[in-house]
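The values are calculated or read from the model by the stated rules, or taken from the named source; none is laboratory data. Note that this is a predicted model, so its numbers are computed, not measured. Ideal geometry is used to build each Cβ from the backbone, glycine not excepted, and the neighbour counts take in all protein chains shown.
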Amino acid sequence: MRLTDVVSFAGRNITQKKTQSFLTIIGVVIGILAIVSLISLGFGVQNYITGEITTIGANVISILPSQNFGGPAVSKNFNDNDVSAVRNVRGVEEVVAAWFGSYGLEYRDQTHYGNVLVIEPSKFTHVYSKTWGYEPYKGRWIEDNDKYSCMIGYALATNSFDREIDIGDKITINDKKYKVIGILEETGNPRTEDSVILSKDVGEELFEINDEYNMMIVSVRSGEDVNKVSEDIEDELEDSRGDENFSVLTAEQLAESINSIFKVLTIFLVGVAGISLLVGAVGISNTMHMSILE
């Protein structure tokens, strides 16, 4: 049988079995679209997140204590000496030291495990208002003299309980009630979205912590080299603590880490889609082969 006859028979068979042919074509199209969509979605989300990080915190450095895995896996928190060491680094505009932890938050007989941020109110306002440009969604900023008051994140106020939290409502933490005087606008930052913000004096009394912090946010002066300031901070902190048991992250470094994660994730998803497409291709080949034989 000549090749032209084979092609003619196959074409006639495919035309006669329109439903089977249509489903076969749809399978190929869906497989290709799946791969293209996964790649586009992966790069789109990656670019959005890294863009947000770079824009919001281009001149911000985050410092976190690292776990000591040589002995017990515990972190050595920062103290006032560490904060002073960072503040004295050339190019540093402001240092915000805070205590951040997860606790049970009670509202109208419901309990939600969210975050509590213990921080000096003036420092908190400096970072979120002057540096990042955020404002209260409702109410006002927390102040130093707000002893039995708190500020909360947007997600905690709107999505964490059956009823939304409003200004004047009270939240219970460790059997103590705090009046909500402000709700921060939506930031997308999990450290504040699902958080209660307490002043430093109130938080230290509530959680029995003194001269102890588990995070620092550093604002770098405009025009300074953020990477150079970051390196100087590492040197100063290493001298202050006697060990390099901490992590210093710039927005650029954080964006690079996220890029690496997304690249691996995208490759994995494309691999899965590719395998699915290969399986579909084998099925399509089998269908075409049977059509030719028939």
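For the reader, a short list of remarks on this structure follows.
- Taken as a whole, the condition of being among the hydroxyl-bearing types (Ser, Thr, Tyr), assigned by TED's automatic domain parsing to the domain that holds SER195 and crowded, with 17+ Cβ neighbours inside 10 Å does not apply to TYR103.
- Filtered residues of segment 83-136 (kept if of a type in the set (S, T, N, Q) and under 30 Å from ASP239 (Cβ atoms)): SER84, ASN88, SER122, THR131
- Residue check, LYS138 modelled with pLDDT of 90 or more and of a type in the set (Lys, Arg): yes
- Scanning segment 79-94 for residues that are at pLDDT 90 or above and in a strand (DSSP E or B) returns a single hit, VAL92.
- Subset tally (residues that are outside any helix (DSSP H, G or I), at pLDDT below 70 and among the hydrophobic types (A, V, I, L, M, F, W, C)) for segment 24-70: 2
- For the residues TYR128, TYR134, the requirement of being in contact with a Phe, Trp or Tyr (Cβ under 6 Å, 6 or more places away or on another chain), touching a residue at least 24 places away in the same chain (Cβ under 8 Å) and not in a loop (DSSP other than H, G, I, E, B) singles out TYR128.
- Residue match in segment 159-176 (condition: without any contact (Cβ under 8 Å) to a residue 24 or more places away in the chain, farther than 20 Å from TYR107 by Cβ and not aromatic (Phe, Trp, Tyr)): no
- Subset of segment 212-239 [among the hydrophobic types (A, V, I, L, M, F, W, C), within 25 Å of the chain's Cα centre (by Cα) and either in a loop (DSSP other than H, G, I, E, B) or surrounded by 21 or more Cβ atoms within 10 Å (Cβ to Cβ) (or both)]: MET216, ILE217, VAL218, VAL220, VAL229, ILE233
- Set LYS200, LYS179: member being in contact with a strand residue (DSSP E or B) (Cβ under 7 Å, 6 or more places away or on another chain), within 21 Å of LEU64 (Cα to Cα) and assigned by TED's automatic domain parsing to the domain that holds SER102: LYS200
- Residue match in segment 113-122 (condition: assigned to a helix (DSSP H, G or I), more than 22 Å from the chain's Cα centre (by Cα), surrounded by fewer than 20 Cβ atoms within 10 Å (Cβ to Cβ) and in the same structural domain as TYR178 (by TED's automatic domain parsing)): yes
- Lone qualifier among ASP144, ASP162 - being farther than 30 Å from ASP239 by Cα, surrounded by fewer than 18 Cβ atoms within 10 Å (Cβ to Cβ), more than 21 Å from the chain's Cα centre (by Cα) and modelled with pLDDT of 90 or more: ASP162
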